[in-house]
Amino acid sequence: MKIAVVGAGYVGLVSGACFAEFGFEVVCVDKDPEKIRRLRLGEIPIHEPGLDTLAAASQRAGRLTFSDDLAAGVRGAQVGLIAVGTPTRRGEDAADLAFVMEAARQIALAMDGFTVVVTKSTVPVGTARMLAALIRETRPDADFEVAANPEFLREGSAVEDFLRPDRVVVGVDSPRARERMERLYRPLMVRDVPVLFTGFETAEIIKYAANAFLATRIGFINEIADICEEVGADIAAVTRGMGLDRRIGQHYLQPGPGFGGSCFPKDTRALVSISREAGVPSRIVESVVAANEARKERLVDRVTAAVGDQLSGLRIGVLGVAFKADTDDMREAAALSLVPALQARGAVVQAYDPVAMKAAAALLPGVVWCTDAYEAVAGAEAAVVLTEWNEFRGLDLRRLAAAMRRPVMIDFRNIYSPADIERTPFVYHSVGRPRHCGAIPADELASPRRARTLT
Ligand code: NAD
C-alpha cells in the first residue's frame, strides 16, 4: 500500500518514517523545497531522537521517499495523510485550517483510484465532514473517503510513541474507510495496541479533550506549587503523595515555567473556541489558558526578585531555551516570554541550549549565544534553568558558581534538589519548594554586596 504524507514536520516525518518501518511505501511531501532537498540527502531537519536511524533504514530500502511535488506524491496512493500545521488563527483562539484545506484540495486534484484522505493534524470538530464536502466539490468524480486520525505523539519521544502508542483513534463514516484504516494500523493491531474506531466528531474531540486534560494537570500543579512556596511545603513530596493514588497517577504533575510547545497552548485555545461556538463555554479550559499565560508573564518578576530590585545592565545566564528537553521546537517556549522581558528591563541575556539555539536565534534577537552552560553564566548575576536537559543535571555546580558574578540560581524545572545545592555557594530558587535553599543563611541574601564577595 502506498501512503502519501502531506507535511514533513514533526508529525509527518515521524508518521512517514514509522509507516515505512511497518513496510508500507511512503512518500513524504512538503511545500518547502529546501526541507525536501535536505531530507533526500539523509539530513533530518528536526531534532527527534531515533528518527534519523529509522528514516535512513527505510530510505535505503527504497520504502521512504521525499518530494516537493504533491501531485506526483499522491498519484497511486491509497491513503493521503494530512500532517500540516494548524496554528492559532491570528488574534483569535480558533485553529487556522488554511493549510489543511489547501492540502486537502491539492490531494483531491491529484488522487486517482479509491483514496482515503486522513487528517492527522489536530483539527476542530467538523473538519472531517467539511473536508469531505471540499473534496467532493473539487473533484466530483473522485472515489474517496475521509478519516479523522489524530496523533498523540510527544516531541522528544515521538518515534517510540508512534511505534508503541497507548491507543490509536480513528474516526470514520463508512465500512470502506474503516477497512483501509485497519489495513494501515494492522502492524499495531497485531501487537495488541487498542485501535478505537469512532465517528468523526468523537475522534476530533478526543484529541482536544486529551490535550486539554493534560494541560489542566500542569496548570493545576503549577497553582499547587505556588501555594507550597507560600506555606513552606515541598511540591516534590506533594506530587508524590498525590500521584501514588492510582486514581491520579504521577504523570504530568511536574511544576514549571508554564506549558509551551506546538500543542497544549494552541489546542487549549482551540477547545475554548470550539466550546464557545457550541454554546457551552468551557470555564475550566479558559482558566487553564489564562493562568498559563499569566504564569509565563510573571517569570521575569521571579528572576528580578531573586536578583534584587532591578535588572538594568546585569547579565543573566539562561540554560535551555527549547520548550522542553529533547527537542529543538521553540513554539510557545517559556524562553519566548522570559528573554524579551529580561531584555526590556535592561538585562543582557546569555544563553545556551544543546540543540535549539539555531531555531531560537531568529526568535530571540540580542541574545549572546554561548557554547556551553559555563560560558552562558560567565559574569552573570543569575543562572536561570528554563529547559530540563539532562546535560544540565550533571553540571559541576561549584564551577558554575565560580564562573558567575553572583551565585544565584532560579531553577524553573526543579532539576536540582536542595541536597544537590547544599555545600555549593548557590542561593537557590526553585518551583514549589521553600525559598532560598542553599548554603548561605537567608538573612545574608538581602545584601547583594555580601553575595558578590562569594564569587
Ligand atoms: P510542523 O509545522 O512541524 O510541520 C508542518 C509541515 O507542513 C511544514 O513542514 C510545512 O511546510 C508543511 N506544509 C504546510 N502546508 C503544506 C502543503 N499544502 N503541502 C505540503 N506541505 C505543507 O507541524 P507539526 O508539529 O508536525 O504539527 C502538524 C499537526 O500535527 C498539527 O495540527 C499539530 O497540532 C499536530 N500534532 C503535533 C504534535 C507535535 O508534537 N508536534 C503532536 C500531535 C499532533
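What follows is calculated from the coordinates using simple rules that are stated; it is not laboratory data. On a predicted model such as this, the values are computed, not experimentally measured, just so you know. Glycine also receives a Cβ, built like all others from the backbone with ideal geometry; neighbour counts cover every protein chain displayed.
For segment 292-436, what class follows from the C-alpha gyration tensor (a ≥ b ≥ c being the square roots of its eigenvalues): rounded when a/c is under 1.5, otherwise prolate if a/b is larger than b/c, else oblate?
rounded
Helix 51-60 sits at what angle to the longest principal axis of the chain, using alpha carbons and giving 0 to 90 degrees rounded to 10?
30 degrees
Specify the angular offset, from 0 to 90 degrees and rounded to the nearest 10, of the alpha carbon long axis of helix 283-307 from the longest principal axis of the alpha carbons in the chain.
Relative to the chain, helix 283-307 is tipped by roughly 30 degrees.
For each of 127, 198, 371, 239, count neighbouring Cβ atoms within 10 Å of the residue's Cβ, then give the residues from fewest to most.
371, 198, 239, 127
Label segment 208-267 by shape, choosing from rounded, prolate and oblate, from the square roots a ≥ b ≥ c of the eigenvalues of the Cα gyration tensor; if a/c is under 1.5 it is rounded, and otherwise prolate applies when a/b is larger than b/c, oblate when it is not.
oblate
Let me make sure I get this right: for segment 58-208, a, b and c are the square roots of the gyration tensor eigenvalues over alpha carbons, sorted descending. Under 1.5 in a/c it's rounded, otherwise prolate if a/b > b/c, else oblate. Which is it?
Here segment 58-208 falls in the rounded category.
Could you tell me the relative contact order of the chain? Use alpha-carbon pairs under 8 Å, at least six residues apart, and round to a whole percent.
11 percent
Put +1 on the Cβ of every Lys and Arg and -1 on every Asp and Glu Cβ in the chain; which of 356, 97, 152 then has its Cα farthest towards the positive end of the dipole?
Result: 356, furthest along the dipole toward the positive end.
Quick check: the angle from helix 334-344's long axis to the longest principal axis of the chain, C-alpha only, nearest 10 degrees?
50 degrees
Restricting to DSSP H runs of at least four residues, report the calculated mean residue ellipticity at 222 nm for the chain, -39500 (n - 2.57) per run over all residues, nearest 500 deg cm²/dmol.
After summing the helix terms and dividing by the residues of the chain, the value is -13500 deg cm²/dmol.
Suppose a student asked you for the relative contact order of segment 225-325, using Cα pairs under 8 Å spaced at least 6 residues apart; what percent would you report?
20 percent
Pairs of lysine in the chain with Cα under 29 Å and at least 8 positions apart or on different chains: total?
Value for the chain: 27.
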